[in-house]
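Notes to accompany the following structure.
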Amino acid sequence: MTTIGILSAAFTASAGKQNQWILEYTYMSGSTVVGEQVINQCTGTVFNSGQITSSKRLVSSEPCGYDNSDNR
């Protein structure tokens, strides 16, 4: 029974990561990019640079488990 409990807990933790993303947004002023935000849901960190405006646009996203080291 202990093994089943451990496997269940490991599966639950792994399944939670599958729904987390690294999101990159740009902040706009008209048609000009004036700032950037990266939200890393995998690590819980947020990075902002430039000017923060009310106009925000998603420019890229990738799941936590994505490995781009082979992309050339």
(request) Any residue in region 18-36 that's without any contact (Cβ under 8 Å) to a residue 12 or more places away in the chain: show its pairings with residues that are assigned to a helix (DSSP H, G or I) and surrounded by 13 or more Cβ atoms within 10 Å (Cβ to Cβ) at Cβ separation under 8 Å, as long as the two are six or more apart or on different chains. (result) none
(message) For region 37-52, give me the residue count where each residue is in contact (Cβ under 8 Å) with a residue 24 or more places away in the chain and within 14 Å of the chain's Cα centre (by Cα).
(response) 1
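Where a number appears in this text, it was derived from the coordinates with a stated rule and is not lab data. Just so it is clear, the model here is predicted, and its values are computed rather than measured. Positions of Cβ are backbone-derived with ideal geometry, glycine not excepted, and every protein chain shown enters the neighbour counts.
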